[in-house]
1. Please go through (1) within 14 Å of the ligand (Cβ to nearest atom); (2) hydrophobic (A, V, I, L, M, F, W, C); (3) not in a helix (DSSP H, G or I) for ILE93 and return the number of the only condition it doesn't satisfy.
2. Taking into account only those residues within the stretch 1-19 that are outside any strand (DSSP E or B) and near the ligand (Cβ under 10 Å from one of its atoms), which is modelled with the highest pLDDT?
3. Looking only at residues that are surrounded by fewer than 24 Cβ atoms within 10 Å (Cβ to Cβ) and in contact (Cβ under 8 Å) with a residue 40 or more places away in the chain in the stretch 42-52, which one is nearest to LYS121 (Cα to Cα)?
4. Scan the stretch 62-75 and tell me whether some residue there is over 12 Å from the mean Cα position of the chain (by Cα) and part of a loop (DSSP other than H, G, I, E, B).
5. Just a yes or no: is a residue in the stretch 77-88 of a type outside the set (A, V, I, L, M, F, W, C), part of a helix (DSSP H, G or I) and surrounded by fewer than 20 Cβ atoms within 10 Å (Cβ to Cβ)?
6. Please specify each residue of the stretch 156-197 satisfying the condition of being in a loop (DSSP other than H, G, I, E, B), crowded, with 20+ Cβ neighbours inside 10 Å and in contact (Cβ under 8 Å) with a residue 40 or more places away in the chain.
7. Among what's in the stretch 137-175 and is away from the ligand (no atom under 16 Å from the Cβ) and modelled with pLDDT of 95 or more, pick the residue that is nearest to PRO49 (Cα to Cα).
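The values are calculated or read from the model by the stated rules, or taken from the named source; none is laboratory data. Here the structure is a predicted model, which means the values were calculated and not measured. FYI the Cβ positions are ideal-geometry reconstructions off the backbone, even for glycines, and counts take in every protein chain you see.
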Amino acid sequence: MQRKIISTEDGSKTLFIPEMDEQYHSVNGALTESEYVYLDKGYRHNQSPSPVILEIGFGTGLNALLTAIEAEKKKRRTTYISLEKYPIEATEIEQLNYGSLISEEAEELFSALHYSEWNVKTEISPYFDLLKLKTDLTQFSFEELPMVDVIYFDAFGPDKQPEMWNEEIFRKLFAISNSNANLVTYSAKGEIRRRMERSGYISERLPGPPGKRQMLRATRP
Ligand SMILES: C[S@@+](CC[C@H](N)C(=O)[O-])C[C@H]1O[C@@H](n2cnc3c(N)ncnc32)[C@H](O)[C@@H]1O
């Protein structure tokens, strides 16, 4: 499917898929959304001293970039595993402006994240290891993963890609969640929340990022 680069409200760019009428981040601010939903409500909220993160959808690499920056700043050893079925192209990577909006170091980190090899665990920086798995979430066998502390559930919307949000997937994620692990997502749909609860998580609705009233965070008791 064809992808286009678009600008969002806070000046950061994102990708848009016209055929699906879906973008990779909120048009109200890609960087703002990522920072709020995944970093603030997920990574910083979780108390594990050396967390393992699982991301659903590596996409532009924005969540990974912000997490790598924070891991270095806080000297918090972090292992980041990300699943992606459709890696973006070098021409798209070059047009995304996250690094340049943040700092020169961020720009270098952003390239390192993208140009690291798929399916090989790579030390990106002293406190940040990355394992990008080129795979289809709906076919993925979760047994090969370690137990995780934070899940960034960043798939396309449940109305656009319902197969990514079914209960079986939440049950599999629950099975690899450590106790007190957190799953965060921008979606606040009641049915998604009930699927998380039926899978064993305790869920809560939190205020959402700009332009969204609410988001969800689930915790394994
Ligand atoms: C909303 S975007 C989010 C991307 C990313 N977290 C970011 O910050 O750019 C959803 C991502 O899920 C990926 N995706 C779609 N179907 C998938 C599947 N079946 N398995 C794994 N990833 C998939 C898309 O290619 C896209 O990169």
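1. Answer for ILE93: the failing condition is (3).
2. My answer is ARG3.
3. VAL52
4. yes
5. Within the stretch 77-88, none of the residues are of a type outside the set (A, V, I, L, M, F, W, C), part of a helix (DSSP H, G or I) and surrounded by fewer than 20 Cβ atoms within 10 Å (Cβ to Cβ).
6. TYR186 - this is the single residue of the stretch 156-197 that is in a loop (DSSP other than H, G, I, E, B), crowded, with 20+ Cβ neighbours inside 10 Å and in contact (Cβ under 8 Å) with a residue 40 or more places away in the chain.
7. Checking each candidate, the answer is ASP149.
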